[in-house]
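Structure record follows, encoded as structure tokens.
The values are calculated or read from the model by the stated rules, or taken from the named source; none is laboratory data. Note that this is a predicted model, so its numbers are computed, not measured. Here the Cβ positions follow ideal geometry from the backbone for every residue, glycine too, while neighbour counts run over all protein chains shown. Heavy atoms of the whole protein, side chains included, go into the accessibility calculation; ligands, DNA and RNA do not. Shrake-Rupley method; radii C 1.70, N 1.55, O 1.52, S 1.80 Å.
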There are 2 protein chains.
Amino acid sequence: MPRVVESALDAGIAARLKRTPDGLVCAVVQQRGTGEVLMVAWMDDEALHRTLTTGRATYWSRSREEYWVKGATSGNVQHVHEVRLDCDGDALLVVVDQTGAACHTGTRTCFDTDVLLAAG
Amino acid sequence: MPRVVESALDAGIAARLKRTPDGLVCAVVQQRGTGEVLMVAWMDDEALHRTLTTGRATYWSRSREEYWVKGATSGNVQHVHEVRLDCDGDALLVVVDQTGAACHTGTRTCFDTDVLLAAG
């Protein structure tokens, strides 16, 4: 469980987060410049702390139940340029420079394949 | 609870969704053309069905526990141009034309105010 980890996240930021029952906040990851939405992932306090202090996007993997530095195994790292919190504190916008594919399937973004509606 | 509603959502789409225990999927809302990330909201099957069939972005409000057609009271409607599902079926990208402010605080996006990191 993510919340057993003590985090050094800034107390002022931590106080503004509204977390799921699992202690997580949704992170929308966007390519700097082009504005492409690359993927959606999840952060707990410690993942956000590591992201803010290392400049490498770091998430909480709900399936593996571990921290996950994006690109640590694939090389497709995300250099973080901006992090913003939304008005109700339950979503982050992480603006990155993505190396290579953001999606584990090999496509540039996780939204490239399954189009439910294309009204033009 | 959202999932008590029977939904006419296309069965093929419904089969690809991976929902939270509350029956919801995260929806990232992006302005067509500029790529601005406007907000993050939540949809259950019926909200997605209504969004796909009416062309008006419709969400499930977790706080009010009701469907919510964006702009129904404020006039700040979202005309839907594209809807995409991500590779693992738990996030939607909704590309819209946003009338006026997307955020209930009056700012253009829900991410305009609280900058946690700005590395340039």
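What's the long-distance tail for segment B:11-98, i.e. % of Cα pairs beyond 18 Å?
For segment B:11-98, the share of Cα pairs beyond 18 Å comes to 37 percent.
Only bridges with both residues in chain A count here: give the DSSP antiparallel percent, nearest 5.
Rounded to the nearest five, the antiparallel share is 75 percent.
Using a 1.4 angstrom probe on the protein heavy atoms only, could you order A:HIS79, B:HIS81 from most to least accessible area?
From most exposed to least exposed: A:HIS79, B:HIS81.
For every other residue with a beta carbon closer than 13 angstrom to the beta carbon of A:ALA119, add +1 if it is Lys or Arg and -1 if Asp or Glu, then tell me the sum.
Once positives and negatives cancel, what remains is +1.
Post the alpha-carbon centroid distance, segment A:17-46 to segment A:56-120, in whole angstrom.
Taking the Cα centre of each part, segment A:17-46 and segment A:56-120 sit 7 Å apart.
Counting helices only, and only those DSSP H runs with n ≥ 4, report the 222 nm mean residue ellipticity of the protein assembly as shown as the sum of -39,500 (n - 2.57) divided by its residues, in deg cm²/dmol to the nearest 500. Numbers along the way, then the final one.
Values: 4 runs with 32 residues, N = 240.
Result for the protein assembly as shown, helices only: -3500 deg cm²/dmol.
Put B:THR58, B:THR105, A:THR73 in order of accessible area, largest first, 1.4 Å probe: what do you get?
Solvent-accessible surface, decreasing: A:THR73, B:THR105, B:THR58.
Give me a comma-separated list of calculated 3J(HN,Hα) values for segment B:60-77, in order, Karplus coefficients 6.51, -1.76, 1.60 applied at θ = phi - 60°, integers in Hz, x for any Gly or Pro.
Using θ = phi - 60°, the values come out as 9, 8, 5, 6, 8, 6, 7, 6, 8, 7, 4, x, 4, 9, 7, x, 8, 6 Hz.
Given Cα pairs under 8 Å that are at least 6 residues apart, what percent is the relative contact order of chain B?
Details: 222 pairs, mean separation 28.8, N = 120.
That works out to 24 percent.
For B:TRP68, which sequence-distant residues (separation of 5 or more, or a different chain) have an amide H within less than 5 Å of its own amide H, given hydrogens modelled in the peptide plane?
B:TYR59, B:SER61
I want to check the label-to-label distance for B:THR99 and A:ARG108. Put each point 7 Å from Cα in the C-beta direction and report it in nm to one decimal.
3.2 nm
How large is the accessible surface of A:VAL80 in square angstrom, using a 1.4 angstrom probe and rounding to the nearest 10?
Looks like 10 Å² after rounding.
For B:SER61, what charge total do you get from the other residues with a beta carbon under 14 Å from its beta carbon, if Lys and Arg give +1 and Asp and Glu give -1?
-3
If you add up the charges near B:HIS49, with Lys and Arg at +1 and Asp and Glu at -1, over every other residue whose beta carbon is less than 11 angstrom from its beta carbon, what do you get?
Taking every other residue near B:HIS49 into account, the sum is -4.
For an R0 of 45 angstrom, estimate the FRET efficiency from the Cβ-Cβ distance between A:SER7 and B:HIS79 and round to the nearest 0.05. Display every interim value, and only then the final one.
Details: r = 41 Å, r/R0 = 0.90.
My answer for the efficiency is 0.65.
Please compute, over every Cα-Cα pair in segment B:48-120, the percentage with a separation greater than 14 angstrom.
Looking at segment B:48-120, the distances longer than 14 Å represent 67 percent of pairs.
In chain A, which residue puts its Cβ closest to the axis that turns chain A onto chain B, and how many whole Å away is it?
A:GLY35, 1
Based on the Cβ-Cβ distance from A:ALA14 to B:GLU66, what FRET efficiency comes out when R0 is 22 Å, to the nearest 0.05?
Step by step, r from the Cβ atoms, then E = 0.15.
Residues of A:19-26, mean number of Cβ from any other protein chain within 10 Å of their own Cβ, rounded to a whole number?
For peptide A:19-26, the averaged partner shielding equals 2.
Once you treat every alpha carbon in the protein assembly as shown as an equal point and sum by Debye, what is log10 I(q)/I(0) at q = 0.12 Å⁻¹?
Taken in order of the listed q values, log10 I(q)/I(0) reads -0.64.
Kindly express, to the nearest 10 degrees and within the range 0 to 90, the angle between helix B:45-54's C-alpha long axis and the longest C-alpha principal axis of chain B.
For helix B:45-54, the angle is close to 70 degrees.
Can you give the FRET efficiency for A:THR53 and B:ASP22, using 1/(1 + (r/R0)^6), R0 = 35 Å, r = Cβ-Cβ distance, to the nearest 0.05?
In this case the efficiency is close to 0.60.
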